[in-house]
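Some notes on the structure that comes next.
None of the figures in this text is laboratory data; all of them are computed from the coordinates on show. As the structure is a prediction and not an experimental result, all values here were calculated from the model. Cβ: placed from backbone, ideal geometry, glycine included. Neighbour counts: every protein chain shown.
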């Protein structure tokens with residue numbers, strides 16, 4: 001079954017008209033669909049004969065606007081795309097990308113056999129093996145962590161999941177972020193934690209703690 005995951009587009013125009021770079025998917029964070037895509041999860045990639053992946057609008061394969069090279073780094077799926085500017089709707093899409101109206105990319109993929117695991121306690125699905133079919137240009141993003149990184153300012157922390165994501169942006173691990181969000185800093189050294197698996201908050205750099213205080217002060221909680 002084809003599935004889709006959207007990510008805010010960190011758009012960077014290329015030297016040639018119609019060229020751009022951005023992230024098609026982000027790794028190792030929980031998106032609004034309660035999914036985590038593991039690093040290098042795309043084990044198979046459906047490409048054209050030239051090794052490039054198709055880039056349609058809105059997952060509509062009748063409106064392919066270009067092609068792109070995809071690679072996976074520690075942050076996510078990197079897309080180096082080139083739209084076919086001889087197409088009028090590709091020209092329109094590129095202008096909308098530049099002005100921020102089309103502000104997201106979305107991957108179309110299928111999960112491979114035994115490629116996903118579901119955590120009943122946290123109700124989170126972790127995707128570790130998938131086949132990538134295409135990367136679309138779309139007008140909004142599911143992955144809010146990516147959108148925060150793009151916007152850089154503003155926005156509210158309106159639930160505990162947003163707060164966990166904010167903590168992870170500041171360098172805390174997923175386990176630490178969940179502990180802090182649910183029970184405060186003291187939870188880092190409570191039941192089930194030890195010096196090897198969880199950090200004592202006293203070991204946090206003053207810069208990290210100051211950044212946390214400042215960022216929370218700037219964002220209304222819930």
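A few remarks follow.
- One chain, two ends: residue 52 and residue 120. Fully extended at 0.36 nm per residue, the span grows by 20.7 nm beyond their Cα-Cα distance.
- Extension gain for residue 40 to residue 182 (0.36 nm times residue separation, less C-alpha to C-alpha distance): 48.1 nm.
- Applying Stokes-Einstein at 10 °C and 1.306 mPa s to the Kirkwood radius of the range 3-143, computed over alpha-carbon pairs, gives a translational diffusion coefficient of 105 µm² s⁻¹.
- Which of 53, 37, 180, 137 has the fewest Cβ neighbours within 10 Å, and the rest in rising order: 180, 53, 37, 137
- Translational D in µm²/s for the range 37-92 (Stokes-Einstein at 4 °C, 1.567 mPa s, Kirkwood Rh from C-alpha pairs): 105
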